[in-house]
Amino acid sequence: MLRFLTTKVDRWRQVHFPAMSKQPHSKTLGTSDHRSKTNNRAFEFFKPLRQPLKPPQISQSTASASSLIRRSSGCKDQPNHSQAAFALAILMLTAAIGQRFYNQPELQVDTEAPQTILAPASAIDVIDFQTTDERRIAARNGALRVLMFDSEANRKITQTLENFIKQGNDLRREAGVIPFIETSLLSTNTQRYIRQADENSWQKIWLLARTPIRENILSQSGLQSRTHDLPSIQQRALDELLSYRQRVSAQEFAALSVVIEETRAKYRRAISDINDWFERDPGSPYSAALFDLSEAEWKKTQSGLRKVTKRMIAQGIPQGFPADLKEQAIRVQLTGVVPANAESLSIRVLMLALQANLIEDKERTRLQAEQAAEAVEQVTVSVSQGEIIVRAGEKITQANFVLLDHFNLSGRRFNWLGLGGFGVLMGGAVSVFLLVEHFYHPGLRRRDHILITLLALTPAGLIALNFPALSLPAVGLLVGSFYGAALGAAVVGLLAIVLPIGASVSPIPLAASAAGALVGSLIASRLRSREELALLGGFVGLTQGAVHLILTLMLSPVSTAVWIGVLSTSALEGLYGVAWSVVALGLSPYLEHLFDLVTPIRLAELSNPNRPLLKRLASEAPGTFQHTLFVASLAEAAARALGCNVELVRAGTLYHDIGKMHDPLGFIENQMGGPNKHDQIAHPWKSAEIIKKHVDEGLVMARKHRLPKALQAFIPEHQGTMLIGYFYHQAQQQTKDDPSLTVQESDFRYDGPIPQTPETGIVMLADSCEAALRSLRDATPEEAFAMVNKILRARWKDRQLADSCLTRENMSTIAQIFVQVWQQYNHKRIVYPKVLPVKPIR
C-alpha cells in the first residue's frame, strides 16, 4: 500500500509539475554520457561576473529543511519504512485505540430487538447508572443561585439618593420659593405661571396690566376686545394683576414689578443650571417640574424617596433585573407616599439611584447544586420472571438495555468485525499521515516513525487508565517541535477523529484538548528556545480552557446558578493544557537524545559558543575557530538563499573541524607565524595522514559528546573524497628524485563519504572558498567571483557534489552569496591621519 501511495504521488507530480519531474536525478551524473556533457559544459554554467552583485531572490517555502532543494533538483527522499513496519503501526494503533470493540454489546440502545426477550429471572431495583448520572447532572445544572446582599452596593445607592436630594435642594434654593408673595394678593397658580412664563407672553400680560383704565363703558369694552383671545391661565393672571392694581397704590404696584422680575431672573438661572447639568450628565433626573412643588410637597417627596429606597434595598434587586419591571415596582411603592404631582420626578430619581444590590453567594450556590444532585435518587428498573423485557421489532430503550445487560442478554462479545473496520479506518489515517509526510517532511527515519507512533498511543493508554486528561497538547507540541507544523497538525487532527470512534471519550474535553494541541503544533516549529516553548504552553492552556467553556455553553445549556462550576471545569481544562505542555517541555531533551533528533531549539543550544566542545576549540585551536566562524558566515548566507535548514548549517559548520584539536599545530591556521610542522616532517605521506586524521578524531569527539548524527555527518562530508593536493604534488615531486617511491592517489584522498545533503554540500564549498577569499585584500568583486567560480568548478568536476542534490543554478547563487559575504567582511575603511606626538607638560 505504501508503494502504491508513493507511485500515485510521483505520477501526480509528473502531471502537475512536468518541469520538475524532467530534471535529472543527481545520481545519474555518474553515467558516461552525462559525464562527457558535464566536462564540456563545466565552464559554461558559472558565468563570469559582469555586473555589480545583487542579492538573489529568495523564495519563501514552507517545505522542511532542504526539501525545496531536493525536489527542485529531482532528488527523491527514500522512505525509510517497510510494509511490515507500516502494518505493525496500524495493528498497534488499532489495538490500543479500538477499546470499545473489546466488550461491545450486540443489542444497544435505539437498535431493534431481533426477537422477543423474556426475563429469565426476577430482578428488583437494578440500578440504571447512566440515567442516574444524567439526572444528577441536570439537577446540578438547573439549581438556582443563592444570592446575598452587597453592602457596598447598598451604600452607593443611599449615597446616590442623598446626592440627588441635595442637588434638588440647591436648585430650588436658586430658583426661589413659591409663593414669593402672599397668596391673598396673587394665587399660587398665578405666581407659578408668572415665574415660568416665557418673556413674550409675560410682557404681553404685564403691558395690559399697566394700561391706564378709565371708568367708562367704552374703555371696558376696548380692554375686553384685546384680551378675549388669551388662554385661561393668562386671563386669570391678568385679572388678578388688574384687581391687585386697583387695590394698591402705584408705588406698591411698582414694588410688585421688582419682586416679579427678581423671581423670574432666579428661575431662568435655575433652568439654565438644569440644562447645563443635563449636558454634563444626561442621567440627571430633574426638570422644571421640580420648581412647581411647594415646600411642603418637596419635604414629603424627600421623605417618600428615602422610605421607598429602604424598602427596595431590603427586598433586593438582582443582577439583570429588567428596567420595565423595576419601574413598575417603584411606581407601586410610591403610591400614596409622595404627592401625585411629584410621582414622575420621584420615579426618575429612583430609577437612577437604585441599582442591583444582590450578588451570588458562590459557595452556597455550589453547595445547593451539590445537594440538588445528591437528592436525586438512583434510577432503578425491576422485572419479574417471564415478563417481556422487549418485543421483537421494538427499539431498545435505556431501561430495556439495563435489564438485558443485567441478565447478560445484551450479547457482549469481542467485535471482530467492528475492530476490523476500525483497522481499515486506522490504515487510512496512517496513509494520510504518510501522504502529508511525503509532501512536507520526506525521508523520516524508522526511529522517527517509532517515536510518532508511541506518542500517538499515549492518549489511548490514558483513556484505558481512566485518566481525566488527554495528552493531545503534549503530542502536538512534541511532534510539531520535532517534525514541523504540518506533521504535528496531521497527527493531532487524525487522533481527534479516530479517538471518539474507537474509545469512549467525552466530546467537549476531546475537542478542547485537540484545539490546544493544534495551536501548539502549529507554533512550536517556529520557536528557538525552551523559554519560548514554555510560554507557548500557557497559550495552549488558555486556548484549551476557552474552547471548553465555549463548547460547554453551546452544547450543554446550564443555569446561571452553576456558572462557578462551569468556569471551574474550564479552568481545570486550561490547567491540564498547561500541565501537558510542561510534560512535553521536560520530555523533549530526553527524546531528542534518545531518538537522535535535531530540532531548531536543540540546534540553537548546540550553537552556543559556551558549549564545552566549542570552548575547547576556541582555546586549543583558535585559528581553526576563527576559520570556522568565517565558514559559518558563508554557509549560513548560502543556506538561507537556497531555503535550506539554516540552523543545521550553522551548528554543523561550528563542529565540522573539531577533530583538528588532536594536533592543532598540524594545520597552518593555528601556527601563528611559527615554524611549519610539516616542513620538519618532510614526509608527505605522514603529513597527509595527519591532515586526514582530523576527520576520524572529529567523529570520535562528536560521539563522545553525543552530538546528533546529522551534525556528525558534517565532519566527514565537508571533506568528501577530495584530494589533499599540496602533499600529493609534494609526493610526486619526491618520486622524480627517488624512482623507487610510488604515489597512489587514494593515499592522499579523504575517505568520504561525499556530501549527502544540500547542507553538507554548502559547507564543503564554503570551507573550500574560505582560505581563498581571506587571501584577497585589494581584489575587485569580479576577481573574487572568478576565484570562487574556479573552486566551485573544481568541486563539481571532481564529482564531490553528485549526491548533494545541489544544481548548477544553485552553484551560481552560492558563488554570488560567497562574494557578497566577502565584501561585507572586507569593506573599505577610511585612512586616519598620523597623530603628532604631544610634548609633555613640564
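Just one of the listed residues (G586, G652, G673, G659) is in a helix (DSSP H, G or I) and more than 22 Å from R528 (Cβ to Cβ), and it is G659.
Candidates in segment 767-782 are the residues that are in contact with an Asp or Glu (Cβ under 9 Å, 6 or more places away or on another chain) and part of a helix (DSSP H, G or I); of these, the one that is surrounded by the most Cβ atoms within 10 Å (Cβ to Cβ) is D767. Just one residue in the set L457, L462, L477 is more than 21 Å from R100 (Cβ to Cβ) and part of a helix (DSSP H, G or I); that residue is L477. All conditions but one from (1) modelled with pLDDT of 85 or more; (2) under 56 Å from the mean Cα position of the chain (by Cα); (3) not hydrophobic (A, V, I, L, M, F, W, C) apply to R145; the one that does not is (1). Of the residues making up segment 184-214, those that are within 19 Å of A289 (Cα to Cα) and in a loop (DSSP other than H, G, I, E, B) are S187, A197, D198.
Could you check how many residues of segment 396-438 are in a helix (DSSP H, G or I), of a type in the set (F, W, Y) and buried (at least 16 other Cβ atoms within 10 Å of the Cβ)?
Initial filter on segment 396-438 (in a helix (DSSP H, G or I)): 398-406, 416-438.
Applying the additional criterion that residues be of a type in the set (F, W, Y) yields 401, 416, 422, 433.
Narrowing further to those that are buried (at least 16 other Cβ atoms within 10 Å of the Cβ): 401, 422, 433.
Qualifying residue count, segment 396-438: 3.
Among the residues of segment 742-756, some residue qualifies, meaning at least one is outside any loop (DSSP other than H, G, I, E, B), under 24 Å from I658 (Cβ atoms) and open to solvent by less than 30 Å² (accessible area, probe 1.4 Å).
Scanning segment 786-815 for residues being more than 21 Å from L723 (Cα to Cα) and crowded, with 21+ Cβ neighbours inside 10 Å gives a total of 5.
For (1) surrounded by 13 or more Cβ atoms within 10 Å (Cβ to Cβ); (2) part of a loop (DSSP other than H, G, I, E, B), each residue gets a yes or a no:
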residue	(1), (2)
I90	yes, no
A96	yes, no
D110	no, yes
Q115	no, yes
M148	yes, no
R155	no, no
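Does V308 satisfy the criteria of being in a helix (DSSP H, G or I) and under 30 Å from L144 (Cβ atoms)?
Working: in a helix (DSSP H, G or I): yes; under 30 Å from L144 (Cβ atoms): yes.
The answer is yes for V308.
Go through segment 523-547 and count every residue that is in contact with a helix residue (DSSP H, G or I) (Cβ under 7 Å, 6 or more places away or on another chain), within 19 Å of V583 (Cβ to Cβ) and in a helix (DSSP H, G or I). Number of matching residues: 15. For segment 619-629, a residue qualifies if it is touching a helix residue (DSSP H, G or I) at 6+ places or on another chain (Cβ under 6 Å) and farther than 13 Å from Y655 by Cα, and the qualifying residues are E620, G623.
If we keep just the residues of segment 348-383 that are part of a loop (DSSP other than H, G, I, E, B) and open to solvent by less than 60 Å² (accessible area, probe 1.4 Å), which is farthest from Y286 (Cα to Cα)? So that I can check it myself, show each step before the final result.
First, the residues of segment 348-383 that are part of a loop (DSSP other than H, G, I, E, B): 354-357, 361, 376-379.
From what is left, the residues that are open to solvent by less than 60 Å² (accessible area, probe 1.4 Å) are 354, 356-357, 361, 376, 379.
Numbers: L354: 16, A356: 22, N357: 24, D361: 37, V376: 55, V379: 62 Å.
Applying the filter and picking the extreme gives V379.
Within segment 563-575, being open to solvent by less than 50 Å² (accessible area, probe 1.4 Å) and within 17 Å of the chain's Cα centre (by Cα) holds for E573, G574. Checking G386, G320, G393 one by one, the residue that is within 30 Å of S287 (Cα to Cα), outside any helix (DSSP H, G or I) and open to solvent by 30 Å² or more (accessible area, probe 1.4 Å) is G320 and no other.
The values are calculated or read from the model by the stated rules, or taken from the named source; none is laboratory data. As the structure is a prediction and not an experimental result, all values here were calculated from the model. Backbone-built Cβ (ideal geometry, glycine too); neighbour counts: all protein chains shown. For accessibility, only protein heavy atoms count, side chains too; no ligands or nucleic acids. Shrake-Rupley method; radii C 1.70, N 1.55, O 1.52, S 1.80 Å.
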